[in-house]
Amino acid sequence: MKRVLKYLTYLSCILFFTCSDFLVQEPDEQISITEQLAYKEGVLTALNGIYRDIEALFSSREVIYADVQGGNITFTPATNDKLIETPSSIENSYEFSDRKDESNYANYYKEIYDIINQANLILSKFDNYSFFTKNEQNQLQAELLTIRALMHYQAAIHYAQAYDFTPDASHLGIVYNTRTLTAGIDFPSRYTLKETYDLIKSDLNTALSLYTNLQALAGPSISYFNPTTTQALYARIALQMNDWEQAFTYANTVITTSGISLATQENYVTEWELDTEPVSEIVLEFSAPRTSEGDVSSSISGLFIYNSPTNYKSYVASDDLLNLYDPNDIRADMFLEVNLPTLSNSVELDLPYYFTKKFQGDAGTSFIRLSEMYLIRAEANARLSELDNALIDLNLIRERSNLLPLDINSDILENIFLERRRELAFEGHLLFDIIRYNKDVTRNLGCIANTCYLSFPSNFFILPIPDSSTELNENIQQNEGY
């Protein structure tokens, strides 16, 4: 009975507390956690808890950040007063004036490092895992290293400037944790951005050398890290750090070896509308959690869903985005058009709003699709001056969307940027694409901020490190301008 109680204590910690919560528990509770990591079931429960935390993070309002800031997303009128206002939860960040003392994304920063600490906690006990076979241990380590790399990458794109902000990427990156940290004892500093990405790549390279044909947890392979999903993540990260060769290599590997195919033109919209199954071209999707009865308990649709004229969410497509779709583009049908009563200049009007069809019903959190791999390979080839090959991939996505192909005389890089904006809308890419391209933010139609334009470069393309972190660790340097 004592062992069962300890296991339940550990299970509740994994599911309902963060790793930083573990680290400040009383010594006897710390021992209980350590004991539970001495059992195979406890380790796998911990890994499952980490994946659940990742899903919760990526189905939270963080997913709207890049599209809101970049100009793809605007807002619906409130059901009570019919006014369009910036949601209070992103009021400061939307204005590019987030506050370090009350950051709209303070919890996001905390959750990133909590997940990192959870992964490091399990990794720190590897010498004790005699209950795993060597292959099982390698698979577990590979997944945890990939998770650690992913979380540090998310921190980097939100809290560190573009890779080429300085010629050698010697500007501030992030704190990179490779071991569990104890509050009041460990005070890490930020690495340079080059050092940050070198550490990310090191974790990914080690993971790829360790993966087996096993899967640590039961469930669909697209919901967990494995060689294919890790290579796809690597392609995305390499692109953002301007490593065009690696971006090409890993995107090409996923395209040619994953066995995944692009959704067809005929089925593209229909597949998104059916929330019972993932879209066929999904490479990585974090499954929506379910209750013991099998019902979805939460979903990314909580940000985008339209249920009725009195039950809908805040985030819809801006006219800036909608105007990018040619009338023949099948993706122009990816929006649910709804008229909603809106108070404008003291007059109530029924105005159209466009809810994305990507995340309705009980949708899982689509994180990487094969379309992105083709667009990564296209951009990598374009930047490597392989324009003919870049054009082939770009036109493949365009023609699937019922658009005419472009010729070699077009501005291929600019057209790849626009194609990413159309294809990957609502999936959390736009601002980071703008940063990689060294573009200005230009929000026109539907922008209700005081700051609708932000020229590149600017201190405010990134968020402030929350005071809750800098005050506890004097070695963490705050971002310029905050």
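Numbers for the structure displayed
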| item | result |
| --- | --- |
| Qualifying positions in segment 124-150 - without any contact (Cβ under 8 Å) to a residue 60 or more places away in the chain, touching a helix residue (DSSP H, G or I) at 6+ places or on another chain (Cβ under 9 Å) and under 30 Å from I465 (Cα atoms) | R148 |
| Candidates S301, S318, S287, S280, filtered to the one that is at negative phi, among the hydroxyl-bearing types (S, T, Y) and free of Cβ contacts under 8 Å to residues at least 24 places away in the same chain | S280 |
| Residues of segment 453-464 satisfying the condition of being part of a loop (DSSP other than H, G, I, E, B) and buried (at least 18 other Cβ atoms within 10 Å of the Cβ) | I462, L463, P464 |
| From N104, N120, residue being assigned to a loop (DSSP other than H, G, I, E, B), polar (S, T, N, Q) and modelled with pLDDT of 95 or more | N104 |
| Residues (over 23 Å from F75 (Cα atoms) and of a type in the set (K, R)) located in segment 427-470 | R436, K439 |
| Per-region count, segment 189-221, residues out of contact with any Leu (no Cβ under 7 Å at 6 or more places or on another chain), in contact (Cβ under 8 Å) with a residue 60 or more places away in the chain and surrounded by 15 or more Cβ atoms within 10 Å (Cβ to Cβ) | 5 |
| Positions within segment 411-420 being more than 16 Å from N323 (Cα to Cα) and touching a residue at least 12 places away in the same chain (Cβ under 8 Å), in sequence order | I412, L413, I416 |
| Scan of segment 334-383 for residues that are open to solvent by 60 Å² or more (accessible area, probe 1.4 Å) and touching a helix residue (DSSP H, G or I) at 6+ places or on another chain (Cβ under 9 Å), ordered by number | D362, R383 |
| For S468: the one exception among (1) under 13 Å from D67 (Cα atoms); (2) in a helix (DSSP H, G or I) | (1) |
| Qualifying residues in segment 294-312 (those that are polar (S, T, N, Q) and open to solvent by 40 Å² or more (accessible area, probe 1.4 Å)) - the one farthest from L340 (Cα to Cα) | S297 |
| Those residues of segment 465-482 which are surrounded by 14 or more Cβ atoms within 10 Å (Cβ to Cβ) and either under 24 Å from A162 (Cα atoms) or not polar (S, T, N, Q) (or both), in sequence order | I465, P466, D467, S469, T470, I476, Q478, N479, Y482 |
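The values are calculated or read from the model by the stated rules, or taken from the named source; none is laboratory data. Every value quoted in this text rests on a predicted model; they were computed, and no experiment measured them. Please note: Cβ atoms are built from the backbone with ideal geometry, for glycine as well, and neighbour counts cover all protein chains shown. Calculation scope for accessible area: heavy atoms of the full protein, side chains included, ligands and nucleic acids excluded. Shrake-Rupley method; radii C 1.70, N 1.55, O 1.52, S 1.80 Å.
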